[in-house]
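Just so it is clear, none of the values below were taken in a lab; they were calculated from the coordinates. It should be emphasised that the depicted structure is a prediction, and the values quoted were computed from it without experimental measurement. Virtual Cβ from ideal backbone geometry, glycine too; neighbours counted across all protein chains shown.
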Amino acid sequence: MEQSVKPASSLPLNPHIAALPPYNAGMNISMARALSGRNDVARLASNENPDGCSPAVMAALASSSFEPWRYADPACTALRAALGEKLAIDPGMIVAGNGSEEMIAAISRAVLVPGASVVTTVPSFGLHEIEPLAAGADVVKIAMTPEMGFDLAALEAAIAVGPRIVFISSPWNPVGPGLDHAGLRRLIGAVRPGTLLVLDEAYFEFADPGAPDGIEVLRNSSIDHVVLRTFSKAYGLAGLRVGYAVCSGFELARVIAAAKTPFNVNAAAQVAAIAALADESWMKASAGRVRAERVRTAAALKGLGFRVAQSQTNFLFFDCKGDSSSVAAGLLKQGIIVKAWRETGYEHYLRATIGLPADNDRLITALQGLAGR
Ligand SMILES: Cc1ncc(COP(=O)(O)O)c(C=O)c1O
């Protein structure tokens, strides 16, 4: 049958949104199975927790405290109270989000106007660029050093110019290192009134003991700031979508909360996050296993001759010595999904999540085969 060709629409679209670069979300499991012809896919692309989540979460979801037929509390009162107690922060300074990614969007909506400037890093967590662009802001990206670390001098200089927001993830997605105490203090010292520092600590729980705790460090500073944390990584709740923003003041928290959707955190996510928080020992044991596997896997990749960035996270970022999409396609044929980095200038880097020991062994063996070619 002949298809009728629709005339191009003359509907004016928001130009900031229409021009957005796509978010590199990684491959879903069914497509990976179809492309690899294998069922036993090792999912090393999305920085999920290979251990799953605490059994206390599953029990809470099966209990009468989870009522799917009710609208969940739009203010996440019980979750924010539990977080406030754990962190010794007034719950009025905490905003819960549908994943911390919603908080990145809400902060951008709350603070940015078209033409405002934002500083972040490159390579970057995609949304630190996409959400400011969606708000019409201009984004300045500070490149990693040749040693695959934060370029503190360049970041200090860019922050001192006075952007409206600075988005820094530490530990850094996708590269891996975290700011040390001195580095974090330097960046805080560069922030002037009128700039909001957003320290995204999605991978905080995987950092080595002694790494700075952004909430603690920033609590004693006078700068406007938000620290982002999530239940998606170390707590293993990526599929439920819950994260939070710890803000430096009540008014900032109020306006960020006003920029989110009203019923943003669903009932299952609220019940699960409260149960996960009450079982910190599960999370800590899991993060410890991930740290040990990170050290082992990094050493193996270095042994194969790859340049691997220092990591305080649940993933490794390394120069795969070729086009990352081709190398990722080679790994996929063997049933392993990793993330090929596609930002300009970084197309020869791969990011691989730390999985269960058997998955990490598969990755090492597959890369050994590719390296030997
Ligand atoms: C640095 C960083 N921030 C925020 C997020 C968003 O996490 P979520 O929305 O699952 O809380 C991620 C997810 O990968 C991340 O890597």
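Given +1 on the Cβ of Lys and Arg, -1 on the Cβ of Asp and Glu, and no further charges, what dipole in debye does segment 33-177 carry about its Cα centre, rounded to the nearest 20?
It comes to approximately 260 debye.
Total Lys pairs in segment 202-344 closer than 28 Å by alpha-carbon, pairs eight or more apart in sequence or interchain only?
12
Hey, in the GNM for the chain with a 10 angstrom Cα cutoff, which one of 161, 119, 57 fluctuates hardest?
Per the Cα network of the chain with a 10 Å cutoff, 161 tops the list.
With a cut-off of 8 Å between alpha carbons and a minimum separation of six or more residues, what is the relative contact order of segment 216-319 in percent?
Over segment 216-319, the number comes to 18 percent.
Just to check I understand the Karplus step: with θ = phi - 60° and J = 6.51 cos²θ - 1.76 cosθ + 1.60, what whole-Hz values come out for segment 105-119, glycine and proline as x?
5, 5, 4, 4, 5, 6, 10, 8, 10, x, x, 5, 10, 10, 10
Cα centroid distance between segment 332-355 and segment 134-180, in Å?
22
In a solvent-free Debye calculation with one equal scatterer on each Cα, what is log10 I(q)/I(0) for segment 55-279 at q = 0.09, 0.18 Å⁻¹, listed in the order of the q values?
Taking Cα atoms of segment 55-279 as identical point scatterers yields -0.35, -1.34.
Are there trypsin sites (Lys or Arg not before Pro) in segment 21-70 that DSSP puts in a loop and that have at most 13 other Cβ atoms within 10 Å, and which ones?
Hits after loop and neighbour filter: 70.
Calculate, in nm to one decimal, what residue 71 and residue 296 gain on full extension: separation in residues at 0.36 nm each, minus their alpha carbon distance.
Length gained, residue 71 through residue 296: 76.5 nm.
Quote the charge dipole size of segment 55-279 about the Cα centre in Debye, to the nearest 20; the model charges only the Cβ of Lys and Arg (+1) and of Asp and Glu (-1).
It comes to approximately 420 debye.
In 10 Å bins starting at 0, how do the alpha-carbon pair distances of segment 262-339 split up by percent?
Result, from short to long distances: 15, 30, 26, 22, 6, 0 percent.
Only Cα pairs within less than 10 Å get springs; with that Gaussian network setup on the chain, which residue of 99, 52, 236 has the largest fluctuation?
So, out of 99, 52, 236, the one fluctuating most is 52.
Looking only at the chain, where both bridge partners belong to it, what percent of the DSSP beta bridges are antiparallel (to the nearest 5)?
Antiparallel bridges: around 50 percent, rounded to the nearest 5.
Would you be so kind as to identify which of 330, 16, 350 lies farthest towards the positive end of the dipole of the chain, taking Lys and Arg as +1 and Asp and Glu as -1 on Cβ and the Cα centre as origin?
Sorting the options by dipole projection puts first 330.
Can you list the HN-Hα couplings for segment 142-152, worked out from phi with the Karplus curve (6.51, -1.76, 1.60; θ = phi - 60°), rounded to whole Hz and with x for Gly and Pro?
9, 6, 5, 6, x, 8, 6, x, 5, 8, 4
Any idea what the relative contact order of the chain is, in percent, if you count C-alpha pairs under 8 Å spaced at least 6 apart?
24
Toward the positive end of the charge dipole of segment 55-279, about the Cα centre and with charges on Cβ (Lys, Arg +1; Asp, Glu -1), which of 146, 211, 255 goes farthest?
The one lying farthest along the dipole's positive direction is 255.
Go through 231, 242, 57 and say which Cα lies farthest out towards the positive end of the charge dipole of segment 55-279; charges sit on Cβ, +1 for Lys and Arg, -1 for Asp and Glu.
After comparing all options, I get 242.
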